[in-house]
Amino acid sequence: MSSAPTPTTTLERPRLGPVRSTAVASPTNSRTAPAVAPHGTFESPFSEGCRRFADILVSATALLLLMPVFAVVAVLIRTTSPGPILYRQVRVGQNRRRLSRRAPGDTRGSADRRTRSDRRRSTAYGRPFTIWKFRTMVINAEEYGPQWSSRFDPRITPVGRFLRLTRLDETPQFWNVLTGDMSLIGPRPERPYFVDQFAETIPHYPKRLVVRPGITGQAQVSLAYDASVDDVKRKLDADLDYVRHRSLIHDIRILFRTIGVVLTGKGAA
């Protein structure tokens, strides 16, 4: 899959413009978030090792078994719309650095941070990686800049609508799981453009990055597509709840719920 062409633009979300917050940071208006360890969760190394072993086993098996499906999907995409079969996009992954302990409004070191490259600033909240998907939208779908997508976005192709409904568009991400950038279960990875804005305007948003992002997650099987910043906040609550209660048993429950979402076509992407 690494040889697939890269489209000039990609799209994931309906355009809302820059995210702005009118709230003033203070103890009275900050949301309460679950306790999260600075470098991740409180899981034991044994549990983390079991999860990684399961990620490798399941993703490798899925990639082999889905090869015939990949071939059919590739033909459908190629013959129904111009453009590449796959597209890749930079997302923000797990943050292995210690979360900032600075109080809101503390600008110490801000001058030094501003001198860093744009790429460094845009990925300061987590490790950037390249995510893979089957293309579900027309080419140049983001001609006017980063945008959000909705379930009935007119820029989604007919084949792309089916792929999204069945979640087949996400299946190339088993490769991301195999390489260690993602896990089977976890918060969905977001683009640096949106992470920068949400981390500055939504309290505790960076805490969802202390674990590997996932192909599916608690927020995805519980909530619908994001249509507003309030939707992002609701998904953040679900993500933080997952981080706090993260366990192998909880992951298995989410996997079974994901199967139900795929079979019924309900849920979020």
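Miscellaneous remarks
- Boolean, Val229 is over 14 Å from the mean Cα position of the chain (by Cα) and of a type outside the set (Lys, Arg): yes
- Residue within segment 179-190 that is more than 24 Å from Phe134 (Cβ to Cβ) and surrounded by fewer than 23 Cβ atoms within 10 Å (Cβ to Cβ) present: no
- Near pairs, Cβ below 7 angstrom, 6+ apart or cross-chain, from segment 41-66 (assigned to a helix (DSSP H, G or I)) to any residue that is modelled with pLDDT under 95 and of a type in the set (A, V, I, L, M): Ser47/Leu248; Cys50/Leu248; Arg51/Leu248
- When residues in segment 238-255 are screened for being modelled with pLDDT of 90 or more and among the small types (Gly, Ala, Ser), 1 of them pass.
- Qualifying residue in segment 96-114 (condition: closer than 23 Å to Thr216 by Cα and modelled with pLDDT of 85 or more): no
- Answer from Arg119, Arg212, Arg164 - the residue that is at pLDDT below 90 and crowded, with 18+ Cβ neighbours inside 10 Å: Arg164
The values are calculated or read from the model by the stated rules, or taken from the named source; none is laboratory data. Predicted model, so just to flag it, every value in this text is computed and none were measured. Don't worry about glycine lacking a Cβ; one is built from the backbone with ideal geometry, like all the others, and counts go over all protein chains shown.
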